[in-house]
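Here's the structure, in structure tokens; my notes come after.
Read-outs: derived from the displayed coordinates by stated rules, not from any lab. This structure is a prediction, so every number in the text was calculated from the model and none was measured. In this analysis, Cβ positions are derived from the backbone assuming ideal geometry, glycine residues included, and neighbour counts consider all displayed protein chains.
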Amino acid sequence: AQSVAQPEDQVNVAEGNPLTVKCTYSVSGNPYLFWYVQYPNRGLQFLLKYITGDNLVKGSYGFEAEFNKSQTSFHLKKPSALVSDSALYFCAVRVPPGRTDSWGKLQFGAGTQVVVTP
Amino acid sequence: DGGITQSPKYLFRKEGQNVTLSCEQNLNHDAMYWYRQDPGQGLRLIYYSQIVNDFQKGDIAEGYSVSREKKESFPLTVTSAQKNPTAFYLCASYRQGARNTEAFFGQGTRLTVV
């Protein structure tokens, strides 16, 4: 069964410092990987995705993520955090078509609260 | 505007009643999902549908039902069998294909049992 783990409930960082939010996954085959952000009482906003190709993907608002197949990780990074980056971040995995009966199932991690202090 | 719309934004239900949450999208997306969000537990998948007239159970389907009679609509019914329905419910959709594979989310419905 596919799964996603976000090992940190919360990440605290000072404004201007690098931000990293960790994500590891477990799924057979080559997964589709995603990062989303959620502000209070709102839906999720898409940040970036890895489907295939370059392991380093760039997304919205200066975020990037590195796909590491050997470590089954997809960590989210931002070189210089802003106070406005404070939000709840979710990693997600989806099984590509044709792999298993559960293809298309979009599974989320538990989320990581990011707090950026001025 | 294209998008995915959930209604209502807030919903109150008496114990023992069924209630239906609406999710409509005009993005011509094939797949649709329903998630439940509780504090500290992230998003848990209730049901998902890849095509019209077909859907699959997610991880926490008990006490919920869905239908997919039209491509644009994927309503979720929270039945009286769901013992703890108070939560934030999110609907999502995506277009199957090589590139347009990220899911888009609605703004959510907050259901409270009174």
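Going through the cross-link list B:Lys14/B:Lys71; A:Lys69/B:Lys57; A:Lys49/A:Lys69, which pairs have a Cα-Cα distance over 20 Å in this structure? Don't skip to the answer; put the middle values down first.
Values: B:Lys14/B:Lys71 31 Å; A:Lys69/B:Lys57 29 Å; A:Lys49/A:Lys69 15 Å.
Over 20 Å apart, Cα to Cα: B:Lys14/B:Lys71; A:Lys69/B:Lys57.
Restricting the chymotrypsin sites (Phe, Trp or Tyr not before Pro) of the stretch A:1-103 to loop positions (DSSP other than H, G, I, E, B) with no more than 16 neighbouring Cβ atoms within 10 Å leaves A:Trp103. Taking every alpha-carbon pair under 8 Å whose residues sit at least 6 apart, chain A reaches a relative contact order of 36 percent. Neighbouring Cβ atoms from other chains, within 10 Å of the Cβ of residues in B:43-50, number 3 on average.
What is the extension gain from B:Ser7 to B:Thr112, computed as 0.36 nm multiplied by their sequence separation minus the C-alpha to C-alpha distance, in nm to one decimal? Taking 0.36 nm per residue and subtracting the Cα distance, the gain is 36.4 nm. Orientation-averaged projection of the protein assembly as shown equals 12.7 nm² [convex hull of Cα atoms, one quarter of hull surface area]. Legend: mean number of C-beta atoms from other chains within 10 angstrom of residue C-beta atoms, peptide A:39-50, equals 4.
Give me the percent relative contact order of chain B, please, defined on Cα pairs under 8 angstrom at least 6 residues apart. Answer for chain B is 34 percent. Rg and Dmax over the alpha-carbon atoms of the stretch B:1-92 stand at 12.7, 37 Å. 3J(HN,Hα) along the stretch A:69-84, derived from phi through the Karplus expression 6.51 cos²θ - 1.76 cosθ + 1.60 where θ = phi - 60°, amounts to 5, 5, 9, 6, 10, 8, 6, 8, 9, 9, x, 9, 6, 10, 4, 5 Hz, with x in place of Gly and Pro.
Take peptide A:104-115, look around each residue's Cβ out to 10 angstrom, count Cβ atoms belonging to other protein chains, and average those counts. Don't jump to the answer; show the numbers that get you there.
On the way: counts 10, 8, 12, 6, 7, 2, 5, 6, 1, 1, 0, 0.
So the per-residue partner count for this stretch is 5.
Hull volume per residue, based on the alpha-carbon atoms of the stretch A:1-109 and their convex hull, is 104 Å³. Using a simple spin-label model with pseudo-atoms 7 Å out from Cα toward Cβ, A:Glu15 and B:Gln17 lie 4.6 nm apart.
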